[in-house]
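Asker: My questions will all concern the structure given below.
The values are calculated or read from the model by the stated rules, or taken from the named source; none is laboratory data. The model shown is predicted, which means the values in this text are computed figures rather than measured ones. For neighbour counting, all protein chains shown are included, and Cβ atoms are generated from backbone atoms with ideal geometry for every residue, glycine included.
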Amino acid sequence: MISVNFTLLVQLANFLILLVVLNFLLFKPVLRVLDEREKLVKDAAEIKERLGGLADEKITRYESQLLSAKQESMSIRTVSRSEALGEFRMILQETKTENMKELDIARKKLAVQAEESRAALRVEAENLAGRVASKLVGRTMGGGA
């Protein structure tokens, strides 16, 4: 059986002193560290949320700028292509016109040369006919060779 005597009071006093000492040396510092840790975790979560929102905003802005840049490049490309096509058609038309002029000049030259050749061939044919006729008849005909 437990007897209540002076040692029980001494043990109770030791327990209370130990409780006070442990409270100052162990419990309060550990609780303070745990509170600081909880505060750091909470601050880190807030920072994460803030940076996440900022990152989302920047991503949205980047995508918007990228889309507008793509649209601008497409419009520039379309305009450039239209200009190049117009220039190509103009150059093609100029080339066709120049070629037609050169072809007309060449046809005229060819016609002149053909007429000159025909005239020369007529004269040559008349001379040849005269020679053939004179050889066949045996005497010199009007043109004489």
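Asker: List the residue pairs whose Cβ atoms are under 8 Å apart, where the first residue sits in segment 121-137 and is without any contact (Cβ under 8 Å) to a residue 24 or more places away in the chain, the second is surrounded by 13 or more Cβ atoms within 10 Å (Cβ to Cβ) and aliphatic (A, V, I, L, M), and the two are 6 or more positions apart or on different chains.
Answerer: Gly130/Met141; Ala133/Met141; Ser134/Met141
Asker: Determine whether Lys58 is of a type in the set (Lys, Arg) and modelled with pLDDT of 95 or more.
Answerer: It is false that Lys58 is of a type in the set (Lys, Arg) and modelled with pLDDT of 95 or more.
Asker: Residue under question is Arg50, and the condition is that it be assigned to a helix (DSSP H, G or I), of a type outside the set (S, T, N, Q), surrounded by 10 or more Cβ atoms within 10 Å (Cβ to Cβ) and at pLDDT 95 or above; does it hold?
Answerer: No: the conditions fail for Arg50.
Asker: Can we say Arg122 is modelled with pLDDT of 95 or more, surrounded by 10 or more Cβ atoms within 10 Å (Cβ to Cβ) and not hydrophobic (A, V, I, L, M, F, W, C)? Give the steps one after another, and end with the answer.
Answerer: On the way: modelled with pLDDT of 95 or more: no; surrounded by 10 or more Cβ atoms within 10 Å (Cβ to Cβ): yes; not hydrophobic (A, V, I, L, M, F, W, C): yes.
No: the conditions fail for Arg122.
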